[in-house]
Structure formats: structure tokens, C-alpha cells
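J.: Encoded as C-alpha cells, here's the structure I'll be asking about.
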Amino acid sequence: MSDAARLKWERATEWPLLVLAALFLGAYAVDVLYTGPSQLIPATAQVVNIGVWLLFVVDYVVRLGLAAHRWKFVTKHLLDLTIIVLPFLRPLRVLRVVVVLGVLDRRLRGTFRRRAVLYVTTAVGLIVFVGALAVLDAERGAPGATIADLGDAVWWALATVTTVGYGDQFPVTVAGRFVAGGMMIAGISLLGVITATLASWFMEHVEEMKVEEQETQDSLGELTAEVRRLREEVRALRAGAAQDRSG
């Protein structure tokens, strides 16, 4: 039994899921940031959130049903399962956008480093924005909270994802601390990706220099051999000319 059907489903749903993730992010942002008098706007945003979340549940169930080895599929997609099962984590479901960005890889042209730059910059932007929204959603109005508005949340998210951690803003709720833990792990992971990319770039240039040096040495060797051959031909011509004169 193969995973061909599941892979076909995933390929067919990549772009729709990307659109749904963006819709989820927009609705979640409206739900968190809107403070106006109308109740219709946040209510609509919540309905959109729930609807998109249900579609992601359907996607997970279908992929699980099509998987050749279902237990292996579950163990490899624990984050998807956790976000579906625990409503507490549902706002973070939008981080699937980072995974879905894999669809762009088939449309990209250029080196690995260019793709890595795209992934890292997109991931950083998404993680900071989503983390800021999530921590603001959890912290705003909590007793003793130091994160009261979007500016505080974004500053905290930047300090956390870069592992700086100034400590001027910090979460006091369980939900906020959970978001902080995810941001820390994401920051360390992104730092590892950046370090690996730089190391790859450095090693690639070292290898290019070695190849160029070897090519130069080979060219010099060929040139030296050609000069020797020409010298032998000149000697032979001189010897022939000397014999003609003596004859």
C-alpha cells in the first residue's frame, strides 16, 4: 500500500489551504484587534475562524484516511493533531502557512540560499505577527499584565523570537507563556537555519575556490606540456636544418 493517494490530495489542496490559512490569519487579527462598538465584526471573524478550523480538521482526517501507515502519519504530524484536538491551540493553526509555503518551492528559481532566505524571512514575519496576536489575545486584561496593546505585543514577539529577551514585557498567563515557549523554540530553530545557510554558503565558496584552483593548475599543466612539445618540435626542426646544411 502506498501514499500516492494522500500525496495527490496534499498536492491538490496546497493552494486552497494557503488561502484558508491567510483567511484564518486575517479573521483572527480582526477578532483580536477590533475594539469598536459593533458586535457583528468580531462575531463574523469568530465564525470564519471556526469554519476554517473545521476545514483543516477535514483535511487532517482525509489525509489520515488516505495514509498508507496511519500510526506513522500521526507520529509525523503531532502538531497538526494537537492543534485540532486542543481548542486552546487553535489560534496557532495558522502556522500551517509556513508548511504550505513548500508549494512555492516548485515555482522558485535560483539557488538553495535564495529559497532559504524566502523561507526564513516569511517564517520570521509570520511567527512575529501571529505570536504578537496570540500573546495579546491571552494577556490583554489579565491582572498584572505588561502586554496591553499591539505595540507591546510586537516588541515582545521580536525580543522573544530573536532570543534577546529584554524582560520589559513578559506573559503572566498560562496561555501567554505557552505562546512564549513556542516563540523561543521557533527563534532557536530559525537561528539554526540561518547558521546552516551561512555555513553552506561558506563551504560552497571554499569548494568553488578549490575547483578554480584545480582548474588553474590543470590549465598550467596543459600549457607547460604544450610548451615542452613545441620546444621538442623546434629542436627537431633545428636538427633537421643542421643536417641539411651539413649534407
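J.: Within the range 1-20, does at least one residue satisfy the condition of being of a type in the set (D, E, K, R), at pLDDT below 85 and over 24 Å from Val120 (Cα atoms)?
T.: Yes: one or more hits.
J.: Please go through (1) in contact (Cβ under 8 Å) with a residue 40 or more places away in the chain; (2) open to solvent by less than 100 Å² (accessible area, probe 1.4 Å) for Thr224 and return the number of the only condition it doesn't satisfy.
T.: Status for Thr224: all satisfied but (1).
Let's see how each residue does on (1) more than 18 Å from the chain's Cα centre (by Cα); (2) exposed (fewer than 14 other Cβ atoms within 10 Å of the Cβ); (3) in a helix (DSSP H, G or I); (4) of a type outside the set (S, T, N, Q):
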{"site": "Thr146", "(1), (2), (3), (4)": "yes, no, no, no"}
{"site": "Val164", "(1), (2), (3), (4)": "yes, yes, no, yes"}
{"site": "Gly176", "(1), (2), (3), (4)": "yes, no, yes, yes"}
{"site": "Gly187", "(1), (2), (3), (4)": "no, no, yes, yes"}
{"site": "Phe202", "(1), (2), (3), (4)": "yes, yes, yes, yes"}
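J.: Got a sec? Which helices (runs of 4 or more DSSP H) wholly within the range 45-120 have at least 1 residues that are modelled with pLDDT of 65 or more and under 22 Å from Gly187 (Cα atoms)?
T.: Details: elements: 70-76, 78-85, 96-100, 102-105.
Fully inside the range 45-120 and qualifying: 70-76, 78-85.
J.: While we're on this one: Given the criterion out of contact with any strand residue (DSSP E or B) (no Cβ under 8 Å at 6 or more places or on another chain), under 30 Å from Tyr34 (Cα atoms) and among the charged types (D, E, K, R), identify the matching residue among Glu139, Glu226, Glu232.
T.: Details: Glu226 fails: under 30 Å from Tyr34 (Cα atoms); Glu232 fails: under 30 Å from Tyr34 (Cα atoms).
When all the criteria are applied, what remains is Glu139.
J.: Could you check the range 140-193 and list, in sequence order, the residues that are among the aliphatic types (A, V, I, L, M), over 15 Å from Ile127 (Cα atoms), touching a helix residue (DSSP H, G or I) at 6+ places or on another chain (Cβ under 6 Å) and at pLDDT 85 or above?
T.: Within the range 140-193, Ala145, Ile147 meet the criteria.
J.: Counting only residues that are over 20 Å from the mean Cα position of the chain (by Cα), in contact (Cβ under 8 Å) with a residue 12 or more places away in the chain and farther than 30 Å from Glu139 by Cα, how many does the range 8-40 have?
T.: Number of matching residues: 1.
The values are calculated or read from the model by the stated rules, or taken from the named source; none is laboratory data. Note that the structure is predicted; figures quoted are calculated from it, not measured. Every residue, glycine among them, receives a Cβ derived from its backbone with ideal geometry; neighbour counts consider all protein chains shown. With ligands, DNA and RNA removed, areas are computed over all heavy atoms of the protein, side chains included. Shrake-Rupley method; radii C 1.70, N 1.55, O 1.52, S 1.80 Å.
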